[in-house]
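Here the structure comes first, spelled out in structure tokens, and everything after it is commentary.
Since every read-out is calculated from the coordinates, none of them should be taken as a lab result. This structure is a prediction, so every number in the text was calculated from the model and none was measured. Cβ atoms come from the backbone with ideal geometry, glycine included; neighbour counts cover every protein chain shown.
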Amino acid sequence: MVKSAIQERGHFPRGHRMTAAIQRRAFRSIWISDIHLGTRDCNAEFLLEFLRVTECDFLYLVGDIVDGWQLRRSWFWPQAHNDLIQKLLRKGRKGTRVVYVPGNHDEFARHFVGNCFGAVEVVDEAIHETADGRRLLVVHGDSFDGVMRCARWLAVLGDRAYGLALTVNRWFNQVRRRLGLPYWSLSAFLKLKVKNAVKYIGDYEAALLEAARLRRVDGIVCGHIHHAELRQVGDRVYANCGDWVESCTALVEHLDGRLEIIQWAASVGLAAVPDAAEPWSAAPVERVPA
Ligand SMILES: [Mn+2]
């Protein structure tokens, strides 16, 4: 059994420099995916802030952590991206079990499956057992994506169109920020408005739930489509940890095994007020089936 970082220290250190209003929180597990380090749209600072105010025994990096596709086109690597890597490695050294499941944008890391980088284990997929005894399969999810599976060139083309939408999104939010308005994801909005996108998301969820059924696990945790979701379908749970380019979301497991999506940007967005409500209470909490 992995030694608990929380048990070891007993409590959190006090006095956080920026988010005095936000209490530090302990979770049993945290899943984050689709960070896309190496792109301008990566909200590394938001994620750093989230990782600073949280602690966990298990930290899963559910793919597309570094964007190799984008880095091959043009090199972009600011200090914040280094800081984030350092932070992840540091968590590993301090007793958090860090598990890295590479995705399609960081497929280069798939060559290192079975190895460790510092305290970070690289695996193809993982089985996580929750505190309430449910077994969850953890995968990035690209192998269940019809477009990715059938035509990589189409996926790359779609990726470029998506990149364009994100660029517009970035400008749009710079304007909103100047006007004192909170962060609002244009591309996430567009995605939900487009009928095909809704069907695409539905197909993806169905494919992953089917995989969970075939593997006889109680649920599946994935990323890839940048759409956070936590849903109980029959006796299985579908959990998508979202992304850190638009919505800035994470999936967490509470100490008692309950799962929850944390909407980080929505609660501590770019126009965060110093005394804003705690983000922890804002997001819906999963109802544990009796
Ligand atoms: Mn992906």
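Values as computed for the structure displayed
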| read-out | value |
| --- | --- |
| Estimated FRET transfer efficiency when R0 is 22 angstrom, pair A131-R93 (beta carbons, to 0.05) | 0.35 |
| Fewest-first ranking of S33, S247, using other Cβ atoms within 10 Å as the exposure measure | S247, S33 |
| Loop sites in region 28-100: chymotrypsin sites (Phe, Trp or Tyr not before Pro), DSSP, at most 11 other Cβ within 10 Å | W75 |
| Aspartates and glutamates with Cα under 16 Å of K91, excluding same-chain neighbours fewer than 8 positions away | E8, E49, E55, D57, D83, E121 |
| For D106, distant residues with modelled amide H under 5 Å away | D64, I65, G68 |
| Length gained when the stretch Q23-R73 is fully extended (0.36 nm per residue, less Cα-Cα span) | 14.0 nm |
| Simple spin-label estimate for L214 and L255 in nanometres, 7 Å along Cα-Cβ | 3.9 nm |
| Stretch gain in nm, segment C116-N196, where the contour uses 0.36 nm per residue and the Cα spacing is subtracted | 24.8 nm |
| Where GluC sites (Glu not before Pro) fall in DSSP loop in region 37-77, at most 15 other Cβ within 10 Å | none |
| Low-density loop positions, trypsin sites (Lys or Arg not before Pro), region 74-119 - DSSP coil, at most 14 other Cβ in 10 Å | K94 |
